[in-house]
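The values are calculated or read from the model by the stated rules, or taken from the named source; none is laboratory data. Treat the numbers as computed from the prediction; the structure is a model and nothing was measured. Cβ placement follows ideal geometry from the backbone for every residue including glycine, while neighbour counts extend to all protein chains displayed.
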Amino acid sequence: MMEFIKENLIKSPLNYYGNKFKLLPQILPLLSRDINNFYDVFCGGLDISLNIKANNVFANDKHEDLIWLYKQIIKYNSDKLGDELLQIDRDLFPMNNYKGKSLNTYGRTGDKETWNRLMNEKREVYYKLRDEFNNSENKDFKMVIILSLNSVGLQDSFKINNRFIKFTCGNNRINRNTQKSLNEIVGSIKTKNINFTNNDFRYIKDIEFKENDFVYLDPPYLNTSQYETIWNEQDEKDLYELLDYLHSNNVKFALSNFADGKKHSNTYLKLWCKDYNIHYLNDNHTNLEGISKKGKRQEILVTNY
């Protein structure tokens, strides 16, 4: 099994909800080798598409604004995006580098009065900017990344719901490292020649697959509050029907989802996946058997090979 070092992986510029970056060293070795066309059906934050090795990568998502964002990035000069964002960030959020010190420094050194004042100033600018962006007809994709990189930085920082971007302000910032990273990411998207599409996941059934094609799916998770407005039981049933169709046509697939926990259960998944291979993915909160130490759900990867 090929090993993947996290430090060598490309991270999406978006702190997208449900992103798989932390799990990439476990997921990537489980995917097929010598992939011809790779279809990332729910591409989201693009972590899988940016790091998969394939002749061609097709990244799809039903969120129009998200695909629009990626297409804008492709048009951009790969050597300049990080530079411009760094300058914009400095102009908008001078409190990130107050008197030569980062905002985080004031929090770590115990100067809570200064830290609270700077954070309040940042929140005021941040949420005003976010509201202006969401209410504007002329979207500036650079603002999306500015907002994202200044967010809390957790997995649920970047959400798209009804064409509105949802972020939470935090103490992150754009620095020289993120500037360099952004330039590299833009270059990687262009080099990999990722093809972006904006379709419902059922479009996969209309594709004429070729030898060594591969389908990866990371759908919204059923019975989770974060997805209840965009994913329902019929979607779940249609998804498994689609996967069975792929299997019957000798198309390899991998499905990301979660095992049972105390608060979450997916009966449809449990019944369906018995005929396939289940790989339990470890993190700091779960054990090898896929049981969370706190009884919460745990990520799994289901494959038909």
Select from segment 87-125 the residues that are more than 21 Å from residue 180 (Cα to Cα) and among the acidic types (Asp, Glu) and write down the one among them that is surrounded by the fewest Cβ atoms within 10 Å (Cβ to Cβ).
-> 113
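Could you go through segment 95-110 and let me know if any residue there is assigned by TED's automatic domain parsing to the domain that holds residue 243 and under 19 Å from residue 174 (Cβ atoms).
no
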Those residues of segment 1-46 that are modelled with pLDDT of 95 or more and either charged (D, E, K, R) or not assigned by TED's automatic domain parsing to the domain that holds residue 255 (or both) come to a total of 1
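Quickly run through segment 196-214 and pick out the residues that are assigned to a helix (DSSP H, G or I) and over 18 Å from residue 255 (Cα atoms). Steps first, please.
Our first condition is that a residue be assigned to a helix (DSSP H, G or I); within segment 196-214, this holds for 201-206.
206, the sole residue that qualifies.
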Hits in segment 29-51 (condition: in a helix (DSSP H, G or I) and surrounded by fewer than 18 Cβ atoms within 10 Å (Cβ to Cβ)) = 29, 30
Given (1) surrounded by fewer than 13 Cβ atoms within 10 Å (Cβ to Cβ); (2) at pLDDT 95 or above; (3) not aliphatic (A, V, I, L, M), where does residue 303 come up short, assuming only one miss?
-> (1)
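Does segment 150-163 include one or more residues that are in a strand (DSSP E or B), modelled with pLDDT of 75 or more and surrounded by 15 or more Cβ atoms within 10 Å (Cβ to Cβ)? Even if it seems obvious, please write down each step before you answer.
Our first condition is that a residue be in a strand (DSSP E or B); within segment 150-163, this holds for 151, 158-161.
Still in the list and also modelled with pLDDT of 75 or more: none.
Checked against the condition, which is being in a strand (DSSP E or B), modelled with pLDDT of 75 or more and surrounded by 15 or more Cβ atoms within 10 Å (Cβ to Cβ), segment 150-163 yields no hits at all.
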Do we find that residue 73 is under 16 Å from residue 12 (Cα atoms), buried (at least 18 other Cβ atoms within 10 Å of the Cβ), modelled with pLDDT of 85 or more and β-branched (Val, Ile, Thr) in this structure?
-> no
